[in-house]
1. Can you list residue pairs whose Cβ atoms sit under 7 Å apart, with the first residue in segment 89-112 being farther than 17 Å from residue 133 by Cβ and part of a loop (DSSP other than H, G, I, E, B) and the second being of a type in the set (Gly, Ala, Ser) and open to solvent by 10 Å² or more (accessible area, probe 1.4 Å)? Count only pairs 6 or more apart in sequence or on different chains.
2. Answer yes if at least one residue in segment 57-72 is charged (D, E, K, R) and in a strand (DSSP E or B), and no otherwise.
3. Report yes if some residue within segment 6-16 is surrounded by 19 or more Cβ atoms within 10 Å (Cβ to Cβ), among the hydroxyl-bearing types (Ser, Thr, Tyr), modelled with pLDDT of 90 or more and in a helix (DSSP H, G or I); otherwise report no.
4. One residue is enough: does segment 101-114 have a residue meeting the conditions surrounded by fewer than 16 Cβ atoms within 10 Å (Cβ to Cβ) and among the β-branched types (Val, Ile, Thr)?
5. How many residues are in contact with a Lys or Arg (Cβ under 9 Å, 6 or more places away or on another chain) and surrounded by fewer than 18 Cβ atoms within 10 Å (Cβ to Cβ) if we restrict to segment 230-248?
6. Would you please name the residue that is farthest from residue 14 (Cα to Cα), looking only at residues in segment 39-78 that are open to solvent by less than 40 Å² (accessible area, probe 1.4 Å) and touching a residue at least 60 places away in the same chain (Cβ under 8 Å)?
7. Which strands (runs of 3 or more DSSP E) sit wholly inside segment 222-292 and have at least 1 residues that are among the aromatic types (Phe, Trp, Tyr) and under 24 Å from residue 113 (Cβ atoms)?
8. If you go through segment 181-217, how many residues are open to solvent by 70 Å² or more (accessible area, probe 1.4 Å), part of a loop (DSSP other than H, G, I, E, B) and not charged (D, E, K, R)?
Amino acid sequence: MINLEHMVIFVASAEEGSFSAAARALKKSISSVSMCISNLEDELNVQLFDRSRKHPTLTPAGERLLTHAQTILRQARRLDSVVQDVNDSVEESFAIGIGELVPMGLVEERIAKTIRQYPNTKFKIERGRRDELQEKFESGQLQVLLRSQSAGVDTEADFYQFDVVDMVCVCSPDSALADLELVDNESLIATRQIICESMYENPMLQIEATLSNDIMLVSSISDMIQLVEQDIGWAFIPQVEAEERMKFGGLTIFKPEFAITSRGIALDFLIKPSHELGPVAHYLKAQFTHAS
């Protein structure tokens, strides 16, 4: 069996360019580094370094074995990390549900930070309809749910408001609404409104965000935005989504006569009670609530 410490010294000597540099990097004496390399060469019955020059250089055999040695060390470090996670009861897998009305730009940094903190956990990010995600969360298929706020309390889980999404009215630059300085209610009522089902099925949002007599329901915000860009109708969408599409000239934000756009949509972070949480859940919770 190859001595793992000898493998570390071999890789360090190759990467640092000399035995002395490897000794400094590993905080060992040059003689011990040189001896470990000799012992490894004896174990493998292969000459790894050409010592005929001032600084040892890899032989063709040494170059061939270096890549494999680096891979072995990466796997060894990964194994150490997994063992530490097992000892710390870190979740092996973790599923996060993100509601259709939650802009990814508002949550991606916090989620990415958690994924980087726990590289051995298998994360799953699931988008979907509000009712479907809620059912999966309550059944334990999702450990966390990010969603638009609902009227009243509809869950026994802990929930925290983590942001408020400003909403704006948008239309295609080709729409007649785009040319109006202030769009009156009559014009909005008479023009087709495209609404995401997640918004329409939320009692709080349905009343506030439904205005037109001609409603077209779509399953996702991305579909809704694409239809608006094709001048199929107007829509009420998160401002961050609208501003991103405006950069490419696909949407125009217009000012409506009604004042709903100033109210925004509150976003909630749902998670099981603290005594049921593992390290990943605690860490992610801290990202959204600023509490440990």
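1. 89/278; 90/278; 91/278
2. Taking segment 57-72 as the starting set, the residues that turn out to be charged (D, E, K, R) are 63-64.
Of the ones still in play, those that are also in a strand (DSSP E or B) are none.
Taking every residue of segment 57-72 in turn, none turns out to be charged (D, E, K, R) and in a strand (DSSP E or B).
3. yes
4. Checked against the condition, which is being surrounded by fewer than 16 Cβ atoms within 10 Å (Cβ to Cβ) and among the β-branched types (Val, Ile, Thr), segment 101-114 yields no hits at all.
5. 1
6. Among those that are open to solvent by less than 40 Å² (accessible area, probe 1.4 Å) and touching a residue at least 60 places away in the same chain (Cβ under 8 Å), it is 76.
7. Details: elements: 234-238, 252-254, 265-271.
By residue number, 265-271.
8. Of the residues in that region, 2 qualify.
The values are calculated or read from the model by the stated rules, or taken from the named source; none is laboratory data. Just so it is clear, the structure is predicted and the values come from calculations on it, not from any experiment. Cβ coordinates were reconstructed from backbone atoms using ideal geometry, including for glycine residues, and neighbour counts include every protein chain displayed. The protein model used for the area step is the full one, side chains on, heavy atoms only, and it has no ligands, DNA or RNA in it. Shrake-Rupley method; radii C 1.70, N 1.55, O 1.52, S 1.80 Å.
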